[in-house]
Amino acid sequence: AKTPSKVKRLLKKSHVDQLTVDGKSGLEKFIKDHHLPITVQRCLWHIPRTAAHMFYLDGLTTIQGRELAKPLASFLFNEKMTVAARLEKYDKIIAECEKAEFNKTLNFLEHAKPNLFTYKQFADDDIHGRTNSVIERQMREINRRMENGSKWTINGAQNLLTLKLIQEMNPESYDHSWKLPKNKKTYYQVILC
């Protein structure tokens with residue numbers, strides 16, 4: 001959303017350890033300005049895709065932008081490499097952008113750099129939280145269901161999305177929720193941004 005005010009209200013009153021963002025929501029600045037104890041992780045899936053678009057805005061063709069952004073995907077997700085080695089490769093791309101005066105791409109990459117690997121502080125071998133593709137995948141499914149002429153309500157779609165995310169990210173809670181007595185209510189909260 002362009003102004004995720006509901007998300008901002010939830011972030012102020014909820015306990016959130018980490019928030020994975022694509023960099024367009026303005027939530028990074030909001031967290032910093034309000035001194036919220038939330039670790040921000042830039043979505044690694046979005047970095048090469050947005051960089052390709054930034055190269056386009058810097059005057060390259062779409063194909064050229066994709067080619068120049070392709071190396072990002074090859075090392076950002078490479079868990080066999082150390083974080084230091086990945087940052088070294090990232091810095092080389094930044095230096096190439098600076099040399100070629102690709103200022104929009106340079107600005108984007110520099111702004112994203114501090115939050116590339118913050119997910120590592122929770123567990124060195126944990127790859128959860130490094131992208132928001134779990135949500136993106138579910139949103140594609142919700143869109144597919146809502147755009148086929150079905151009469152889904154927004155509440156119905158949000159409830160389905162919440163269940164799908166709990167199933168994907170916390171299967172124990174998902175399985176437990178189906179074993180609860182029917183008259184007992186359980187509340188889950190999923191923040192989408």
Extension gain (nm, one decimal) between LYS80 and ASN103, 0.36 nm per residue minus Cα-Cα: 5.2 nm
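Anything over 26 Å Cα to Cα? Flag those among LYS32/LYS113; LYS29/LYS70; LYS8/LYS80, in the order listed.
From the list (LYS32/LYS113; LYS29/LYS70; LYS8/LYS80), the Cα-Cα distance tops 26 Å for LYS29/LYS70; LYS8/LYS80.
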Gyration tensor over alpha-carbon atoms, segment 1-90, equivalent ellipsoid semi-axes in Å: 29, 18, 9
Nearest-0.05 FRET efficiency for ASP17 and ASN143, computed from C-beta distance (R0 45 Å): 0.95
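Here, each number is a calculation from the coordinates, and none is a lab measurement. Small disclaimer: the values here were computed from a predicted structure and weren't measured. A quick note on method: Cβ atoms are made from the backbone with ideal geometry, for glycine too, and the neighbour counts reach across all protein chains shown.
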